[in-house]
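Read the structure below first, then the notes.
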Amino acid sequence: MKKRIIFVTAVLIVCMAALFLGADGGRRDGQGAKKTSIRIGLLLYRGDDTFIGTLRSSIEECAKEYEQETGVKVTLDVMDAKGSQNTQNNQVERLISLGCDALCVNMVDRAAASAVIDKALAAGLPVVFFNREPVEEDMNRSDRLYYVGADAKESAVLQGELLVDAYKKNPGSLDLNGDGKVSYVLLEGETSHQDSLIRTEWSIQTLKDGGVPIEKITGGIANWERSQASALMEQWILEYPGQIELVICNNDDMALGAIDAMERNDVSPGSIRLVGIDGTPAGQEALKAGKLLGTVESDRELYARAIFEIAAALSEREAVEYEKYFWCPQRALAGGVR
Ligand code: BGC
C-alpha cells in the first residue's frame, strides 16, 4: 500500500512538472526541442516616424507568417520611446522582466547603445539593432549582437546617380533656368544619425563626379520630419524667390514637406525638382504623381525579415542564417516629372 502511494505521488509530481513546463511557453527541455512560443521585444526610437512605421508593420507581418509556418506562437511587444533614450532604457528593463527571449532595438541615441547592451547581456538576451547603428566597439562586445540597416553611402550614390542620369539626358531637366548651373537646397536628417552626414556627402560627391554643375544656395536640418522640412522650405521659397531648382532631401518625408510648402506658396510642381530616399508609400505616390523626381527604395520586406528572423533564431537558440551585419538591398526609383 505504502509503495502504491509513493508511486502515485511520483506520477503526480511528473505530471505537474510537465504541465508547468508547458505553461512556461514550452521552454527547451535541454534535449534541443523547439520552443512552442517565443517573446520578442521591438523598441522604436519614435513610433510616428514614417519609415520606422512601415518597418514595424512589415515586422508584424513576418511574425504572423512565422506563426503560421512553424506553429510557434510569437508575442511581439512593441514599445515607442517617443524620442527619449531614458524612456527606452526603462523599456529595455521592462521587456527583460516580461521574459522576452530577444530584443530588436532601434536606438534613440545610437551612441548610448552600451547601456542597452549591458542590461541585455546581463539578462542573457541577444539584441538585433536596426536603422540606428551603434559604434563598432559596442557591436563587438558580443557575438549575440546584430545590426540590420541600409548602407547610407549606397543610398546616396543611387540618389546622386539618378540626378546625373537626368542631367545627362537633358541638362534642362535640372538647370531649369538655363544659366549653366543647378542651384540646390539641402534638407538633412538628424545630425546624430549616421545616415544624414553620409547621405549628404555622397549625394553631392556623386553629382560632382558625374559632371553636374551644382551650386548650393542653402541647407538646413529638418530631423527627417515632414513638418520641419515644410517650415524650412517655406522660408527659403520666400528668401530665394525663383532661384531654387533642386531640393536634395535625406529622406522622402522631408521631400514631402518641401512639396507641402511649394503647394502652400503656389509654386508650381514643375518649377522645382526634388529627390528623396526611402521609397515610402507616400513617397512613391508623389513619384507617380510627378511631384518627386526620384527616390531610393530599400527592400522593406527583406529588411524586416532579416530583423525578425535573426531575433526568432536567437530566441529558439537555432543557428542564425545571417552575418553580424545585414545590409538591405536598395534601388533607385525615377519618376516622370510633370
Ligand atoms: C530613414 C528616415 C528615418 C530615419 C529614422 C533613416 O534611415 O531614411 O526616413 O526617419 O532613418 O532613424
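The values are calculated or read from the model by the stated rules, or taken from the named source; none is laboratory data. Only a predicted model underlies this, so the values are computations on that prediction, with no experimental measurement involved. A quick note on method: Cβ atoms are made from the backbone with ideal geometry, for glycine too, and the neighbour counts reach across all protein chains shown. Accessible surface areas use protein heavy atoms only, side chains included; no ligands, DNA or RNA. Shrake-Rupley method; radii C 1.70, N 1.55, O 1.52, S 1.80 Å.
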Test of understanding: what is the full-extension gain from E318 to S268, defined as 0.36 nm times their sequence separation minus their Cα-Cα distance? 12.4 nm
If you add up the charges near G53, with Lys and Arg at +1 and Asp and Glu at -1, over every other residue whose beta carbon is less than 14 angstrom from its beta carbon, what do you get? -4
The answer for the chain, accessible area per residue at 1.4 Å probe in Å², is 46
Modelled label-to-label distance, W327 and A122, 7 Å Cα→beta-carbon offset: nm? 3.5
Equivalent ellipsoid semi-axes - Cα gyration tensor, the chain, angstrom: 50, 17, 17
Can you grab the distance from the C-alpha centre of segment 35-92 to the C-alpha centre of segment 168-220, Å, no decimals? 36
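Rounded if a/c is under 1.5, else prolate if a/b beats b/c, else oblate: with a ≥ b ≥ c from the C-alpha gyration tensor eigenvalues square-rooted, which is segment 79-181?
Note, shape of segment 79-181 comes out prolate.
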Local net charge near P281, Cβ-Cβ under 15 Å (Lys/Arg +1, Asp/Glu -1): -4
Using a 1.4 angstrom probe on heavy atoms only, work out the carbon and sulfur share of the accessible area of segment 152-298 in %. 50
Förster radius 25 Å - calculated FRET efficiency between K73 and E93 (Cβ-Cβ, nearest 0.05): 0.55
Estimate the FRET efficiency between E239 and E201 by the formula 1/(1 + (r/R0)^6), using the beta-carbon distance for r and 30 Å for R0, to the nearest 0.05. 0.75
Under the Karplus relation with 6.51, -1.76 and 1.60 and θ = phi - 60°, whole-Hz ³J(HN,Hα) for segment 159-176, x at Gly and Pro, equal 5, x, 5, 5, 6, 4, 4, 4, 5, 5, 5, 7, x, x, 6, 10, 7, 5
Could you order peptides 82-91, 104-113 by the average number of other Cβ atoms within 10 Å of their residues, highest first? 104-113, 82-91
Under 12 Å from the Cβ of E65, count the other residues' Cβ atoms, weight Lys and Arg +1, Asp and Glu -1, and hand me the total. -4
Please say if segment 152-298 is rounded, prolate or oblate, where rounded means a/c under 1.5 for a ≥ b ≥ c the square roots of the C-alpha gyration tensor eigenvalues, and otherwise the choice is prolate for a/b larger than b/c and oblate otherwise? rounded
Label point 7 Å beyond Cα of T191 along Cβ direction - residues of segment 201-237 with amide nitrogen under 15 Å: 219-224
With the cut-off at 1.5 for a/c, could you classify segment 124-179 from its C-alpha gyration tensor as rounded, prolate or oblate? prolate
Counting only pairs 8 or more residues apart or on different chains, how many lysine pairs in segment 152-298 have their Cα atoms under 23 Å apart? 18
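Per 0.36 nm of contour for each residue apart, how much would the distance between E137 and S57 grow if the chain were fully extended, relative to their Cα-Cα spacing?
Values: separation 80, 0.36 × 80 = 28.80 nm, distance 3.07 nm.
Once the chain is fully extended between E137 and S57, it gains 25.7 nm.
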For the ranges 115-122, 138-145, what's the packing order if you count other beta-carbon atoms within 10 Å of each residue, average per peptide, and put the highest first? 115-122, 138-145
Which cross-chain or sequence-distant (5 or more) residues have an amide H under 5 Å from the amide H of D77, H modelled 1.01 Å from N in plane? I40, G41, L42
